[in-house]
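Structure record follows, encoded as structure tokens.
The values are calculated or read from the model by the stated rules, or taken from the named source; none is laboratory data. Keep in mind the model is a prediction, meaning the values are calculated, not measured. Note that each Cβ is placed from the backbone with ideal geometry, even for glycine, and that neighbours are counted across all protein chains shown. Each accessible area value is taken on the protein alone, full model and side chains, heavy atoms only, with ligands, DNA and RNA left out. Shrake-Rupley method; radii C 1.70, N 1.55, O 1.52, S 1.80 Å.
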Amino acid sequence: MKVTRTEIPDVAIIEPDVFNDERGFFFESYNQLKFEQAIGRKVNFVQDNHSLSIEQVLRGLHYQIPPNAQAKLIRVIRGKIFDVVVDIRKDSQTFGHWAGEILSAKNKKQLWIPEGFAHGFVTLEDNTIFAYKCTNFYNPESEGAIIWNDRDLNIDWKINQPTISEKDMKAVDFKNF
């Protein structure tokens, strides 16, 4: 497994060892021991989420506040996304910075997002299947969202006219979150 830190050092790109032959491929999508060694801490995933989206659907930027904050391990099973994280840890040197990565079924990359980040993604192919592990249960009272097109964050989403839920359109600006 190869681990690469993003512009925000606590966020990591995980690239599994993939074994290809004429039959197809094999890889470990998750190995707790190797994963914990790679990120340098114990992790207890308690919930897996799975979604299907048509092309150019943007979901996010979502977060949960403590004590219900979630760390996530993201991957794409079919299709391709541009995945984005925003550091919302007010005491962090990278507070307000964002990082993005293309994740796809083809490249098999995964993204580790620790607690304290807003998260969103946009689908770049039709019928994209996205899955992620969470370290805490979903709690609607702890849920928040930052508007996807916030001027201060200035995220380059790689598309011009995404499809966005009514709920996400009502998210707050970064400076007011």
| Options Lys90, Lys106: the member that is closer than 14 Å to Phe130 by Cα, open to solvent by 30 Å² or more (accessible area, probe 1.4 Å) and part of a loop (DSSP other than H, G, I, E, B) | Lys106
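Right, Asn160: crowded, with 16+ Cβ neighbours inside 10 Å, of a type in the set (S, T, N, Q) and in a loop (DSSP other than H, G, I, E, B) or not? Steps first, answer last, please.
Working: crowded, with 16+ Cβ neighbours inside 10 Å: no; of a type in the set (S, T, N, Q): yes; in a loop (DSSP other than H, G, I, E, B): yes.
When the stated conditions are applied, Asn160 does not pass them.
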| said: Any residue that is of a type in the set (S, T, N, Q) and within 22 Å of Asn49 (Cα to Cα) - is there at least one of those in the stretch 137-149? | reply: yes
| Just one of the numbered conditions (1) farther than 26 Å from Ala171 by Cα; (2) out of contact with any Lys or Arg (no Cβ under 7 Å at 6 or more places or on another chain); (3) of a type in the set (D, E, K, R) is not true of Glu36; which one? | (2)
| field | Conditions (1) in contact (Cβ under 8 Å) with a residue 24 or more places away in the chain; (2) surrounded by 12 or more Cβ atoms within 10 Å (Cβ to Cβ); (3) farther than 25 Å from Gly100 by Cβ: number failed by Val46 | value | (2)
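Filter the stretch 64-76 down to residues that are part of a strand (DSSP E or B) and open to solvent by 30 Å² or more (accessible area, probe 1.4 Å), then give me how many there are.
Of the residues in the stretch 64-76, the ones part of a strand (DSSP E or B) are 64, 72-76.
Narrowing the set further to residues that are open to solvent by 30 Å² or more (accessible area, probe 1.4 Å) leaves 75.
Matching residues across the stretch 64-76 total 1.
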| Considering only residues of the stretch 93-106 that are without any contact (Cβ under 8 Å) to a residue 40 or more places away in the chain and polar (S, T, N, Q), which is farthest from Gln64 (Cα to Cα)? | Ser104
| remark: Only one of Gly120, Gly79, Gly60, Gly144 is modelled with pLDDT under 95 and open to solvent by less than 20 Å² (accessible area, probe 1.4 Å), namely Gly60
| note | Taking the stretch 27-43 and keeping only residues that are among the small types (Gly, Ala, Ser), open to solvent by less than 50 Å² (accessible area, probe 1.4 Å) and within 19 Å of Ile8 (Cα to Cα), one is left with Ala38
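I'm trying to understand the selection: among the residues of the stretch 1-26, which are open to solvent by less than 60 Å² (accessible area, probe 1.4 Å) and either more than 19 Å from the chain's Cα centre (by Cα) or among the β-branched types (Val, Ile, Thr) (or both)?
Passing the criteria: Val3, Thr4, Thr6, Ile8, Val11, Ile13, Ile14, Val18, Gly24.
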| request: Pairs only if they're at least six apart or on different chains, beta carbon under 6 angstrom, first in the stretch 132-159 and on the phi > 0 side of the Ramachandran plot, second aromatic (Phe, Trp, Tyr); list them, first residue then second. | output: Lys158/Phe82
